[in-house]
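A.B. asks: Here it is, the structure in full.
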Amino acid sequence: MSRRARLAFFAVAAAALAVTLGVGLAGLPSFGSQLTSYARMLNELASPQRHVTDVVSAITFDYRGIDTLFEEFILLAAVAGISVLLRPLSDETRELPEDKAPDRAIPPPSPAVWLLAVLLSSLLALIGLETITHGVLTPGGGFQAGVILASALYVVYLGTNYATVERFQPDALLEASDGVGAFGYVVIGLLGLLAGEVFLTNVVSLGVTGNLIAGGTIALLNLVVGLEVAGGFAILASEFLDQTAVIRTRRR
Amino acid sequence: MSVLAYGVVAWLFLVGIYGVVTSRNLIHMVVCVSVAQSATDVLLLEIGYRTGGHAPVFVSLPAHPGPAVDAVMQALALTDVVVGATVTALLLALAVQVHKRAGTLDPDALRATKE
């Protein structure tokens, strides 16, 4: 199909879509006017029932905990899919770049970048841990914290060279954290069954509202999700970096 | 106000799809998909918004009087962001392999489907 024909086709489809979208959006309650009764109920009840102050966390990990279980598995499946997609192909091999001029040392990263990486990575790790543990109190939680923790590792990649990081090979650790995080969610869900309730029931002691340790399984699920997301996003980065740094066409 | 708020959603979605249709580079196309996808984030947050509302975090309430916005929609937006990130990552991985096999990122130049 030529570009012009495609554009014409798109114009017709987009016009139809715009009309449908417009009709659909016009049927929504006017912007900022009211909340659904479901939302009002949860805003009222979440704090007294689950002893948390961040209602979004209570919804994500408790009231709609099953949704989040599948969401976590979507993430796990995507990370596994990317690992499979970016594996060395039949005509490729994994080897670190060969040093053709051993007498000339590779210049290390500039001291400014190195210093920034040291500061930023520790700061990011700290913020990540803060976000993960305060998920029941303030905005944040496992998903956000996992991404922040993974970016601490990205900064380490930036401040050293890739070969140095590759020598430490955190791959096994990262994969383990990804898997343990995903499995941990199921295990915490099974606690409910062990206590004679339904799957993912909040059976752990709820603690005192406003304390760091509160919310029962919500805080625990935040931890395992943080572990999974941190591992998953770190694996993503290393898979993509492997493509440029380690995986190369096999020599004939 | 409603027209502007919901108009942004329709605009974001359509402009993202337009980018996908006219794209000449697969990386650019992945970015366009995430633009279209961000329309759903905006829509979810807008449905949950309440004029003068504060975040659904019930700490130091006296400083933030008034109603809270819809926490359910914020939780759904979180799901949406996570799924969007995984879709982007998967599509980028596909783009990497397409570039290796075909030597180009221009979707119009890909001929493998024709043979």
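The values are calculated or read from the model by the stated rules, or taken from the named source; none is laboratory data. Keep in mind the model is a prediction, meaning the values are calculated, not measured. Please note: Cβ atoms are built from the backbone with ideal geometry, for glycine as well, and neighbour counts cover all protein chains shown.
A.B. asks: Mind listing just one residue for me: the one in segment B:80-93 that is surrounded by fewer than 19 Cβ atoms within 10 Å (Cβ to Cβ) and facing chain A (nearest Cβ under 7 Å) and, of those, farthest from A:Asp67 (Cα to Cα)?
C.D. replies: By that ranking, first place goes to B:Leu90.
A.B. asks: When you scan segment A:137-158, do you find a residue that is touching a Phe, Trp or Tyr at 6+ places or on another chain (Cβ under 6 Å) and under 15 Å from A:Val79 (Cβ atoms), even just one?
C.D. replies: Yes, there is a match, as at least one residue in segment A:137-158 is touching a Phe, Trp or Tyr at 6+ places or on another chain (Cβ under 6 Å) and under 15 Å from A:Val79 (Cβ atoms).
A.B. asks: Could you list, in sequence order, all residues of segment A:212-250 that are touching a residue at least 12 places away in the same chain (Cβ under 8 Å) and over 24 Å from A:Glu71 (Cα atoms)?
C.D. replies: A:Leu212, A:Leu241, A:Asp242, A:Gln243, A:Ala245, A:Val246, A:Ile247, A:Arg248, A:Thr249, A:Arg250
A.B. asks: Only one residue in B:Leu45, B:Leu76 is at pLDDT below 95, more than 9 Å from chain A (Cβ to nearest Cβ) and over 12 Å from the mean Cα position of the chain (by Cα), so which one is that?
C.D. replies: Every option except B:Leu45 fails the conditions.
A.B. asks: So A:Pro29 passes all but one of these: (1) touching a residue at least 12 places away in the same chain (Cβ under 8 Å); (2) over 28 Å from the mean Cα position of the chain (by Cα). Which condition number does it fail?
C.D. replies: Of (1) touching a residue at least 12 places away in the same chain (Cβ under 8 Å); (2) over 28 Å from the mean Cα position of the chain (by Cα), only one is false for A:Pro29: (1).
A.B. asks: Please find, within segment B:1-56, the residue that is farthest from B:Leu78 (Cα to Cα) out of those that are among the charged types (D, E, K, R) and touching a residue at least 24 places away in the same chain (Cβ under 8 Å).
C.D. replies: Filtering segment B:1-56 for residues that are among the charged types (D, E, K, R) and touching a residue at least 24 places away in the same chain (Cβ under 8 Å), the one farthest from B:Leu78 (Cα to Cα) comes out as B:Arg24.
A.B. asks: From the list A:Ala18, A:Ala125, which one is small (Gly, Ala, Ser), assigned to a helix (DSSP H, G or I), at negative phi and within 11 Å of another protein chain (Cβ to nearest Cβ)?
C.D. replies: Among A:Ala18, A:Ala125, only A:Ala18 is small (Gly, Ala, Ser), assigned to a helix (DSSP H, G or I), at negative phi and within 11 Å of another protein chain (Cβ to nearest Cβ).
A.B. asks: Going by the structure shown, is A:Ile218 within 11 Å of A:Thr133 (Cα to Cα) and buried (at least 23 other Cβ atoms within 10 Å of the Cβ)?
C.D. replies: Numbers: within 11 Å of A:Thr133 (Cα to Cα): yes; buried (at least 23 other Cβ atoms within 10 Å of the Cβ): yes.
Answer is yes for this residue.
A.B. asks: Please go through segment A:62-82 and pick out each residue that is aromatic (Phe, Trp, Tyr) and at the interface with chain B (Cβ under 9 Å from one of its Cβ atoms). Spell out how you get there, then give the answer.
C.D. replies: From segment A:62-82, those aromatic (Phe, Trp, Tyr) are A:63, A:70, A:73; that's our starting set.
Correct list: A:Tyr63 only.
A.B. asks: Please give the number of the condition A:Tyr185 fails out of (1) surrounded by fewer than 17 Cβ atoms within 10 Å (Cβ to Cβ); (2) aromatic (Phe, Trp, Tyr); (3) part of a helix (DSSP H, G or I).
C.D. replies: In the conditions (1) surrounded by fewer than 17 Cβ atoms within 10 Å (Cβ to Cβ); (2) aromatic (Phe, Trp, Tyr); (3) part of a helix (DSSP H, G or I), A:Tyr185 misses (1) alone.
A.B. asks: For A:Ser57, indicate whether it is assigned to a helix (DSSP H, G or I), surrounded by 15 or more Cβ atoms within 10 Å (Cβ to Cβ), of a type in the set (S, T, N, Q) and within 14 Å of chain B (Cβ to nearest Cβ).
C.D. replies: When the stated conditions are applied, A:Ser57 passes them.
A.B. asks: Looking only at segment B:50-79, which residues are within 24 Å of A:Thr68 (Cα to Cα), assigned to a helix (DSSP H, G or I) and of a type outside the set (Gly, Ala, Ser)?
C.D. replies: Scanning segment B:50-79 gives B:Val72, B:Met73, B:Gln74, B:Leu76, B:Leu78, B:Thr79.
A.B. asks: Search segment A:118-146 for residues being at pLDDT below 95 and of a type in the set (Val, Ile, Thr), and hand back the single one that is nearest to A:Ser47 (Cα to Cα).
C.D. replies: Looking at residues that are at pLDDT below 95 and of a type in the set (Val, Ile, Thr), I get A:Val136.
A.B. asks: A:Gly146 - would you say it is surrounded by 22 or more Cβ atoms within 10 Å (Cβ to Cβ), under 23 Å from A:Asp242 (Cβ atoms) and more than 9 Å from chain B (Cβ to nearest Cβ)?
C.D. replies: Yes: the conditions hold for A:Gly146.
A.B. asks: Restricting the search to segment B:4-41, which residues are more than 21 Å from A:Ala13 (Cα to Cα) and facing chain A (nearest Cβ under 9 Å)?
C.D. replies: B:Leu4, B:Ala5
A.B. asks: Filter segment A:21-54 down to the residues that are more than 9 Å from chain B (Cβ to nearest Cβ) and not in a helix (DSSP H, G or I) and list them by number.
C.D. replies: Scanning segment A:21-54 gives A:Gly27, A:His51.
Matching residues to (1) without any contact (Cβ under 8 Å) to a residue 12 or more places away in the chain; (2) over 30 Å from A:Thr60 (Cβ atoms):
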| site | (1), (2) |
| --- | --- |
| A:Thr93 | no, yes |
| A:Leu119 | yes, yes |
| A:Leu124 | no, no |
| A:Gly128 | no, no |
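A.B. asks: I'd like to know if segment A:223-245 contains one or more residues that are of a type in the set (Asp, Glu), in a helix (DSSP H, G or I) and within 30 Å of A:Pro109 (Cβ to Cβ). Spell out the reasoning first.
C.D. replies: Taking segment A:223-245 and keeping what is of a type in the set (Asp, Glu), we get A:228, A:239, A:242.
Add one more test, that the residue is in a helix (DSSP H, G or I), and what stays is A:228, A:239, A:242.
Of the ones still in play, those that are also within 30 Å of A:Pro109 (Cβ to Cβ) are A:239, A:242.
Yes, that holds for at least one residue.
A.B. asks: Could you figure out which of (1) out of contact with any helix residue (DSSP H, G or I) (no Cβ under 8 Å at 6 or more places or on another chain); (2) at the interface with chain A (Cβ under 7 Å from one of its Cβ atoms) isn't true of B:Ala71?
C.D. replies: If we test B:Ala71 against (1) out of contact with any helix residue (DSSP H, G or I) (no Cβ under 8 Å at 6 or more places or on another chain); (2) at the interface with chain A (Cβ under 7 Å from one of its Cβ atoms), just (1) comes out false.
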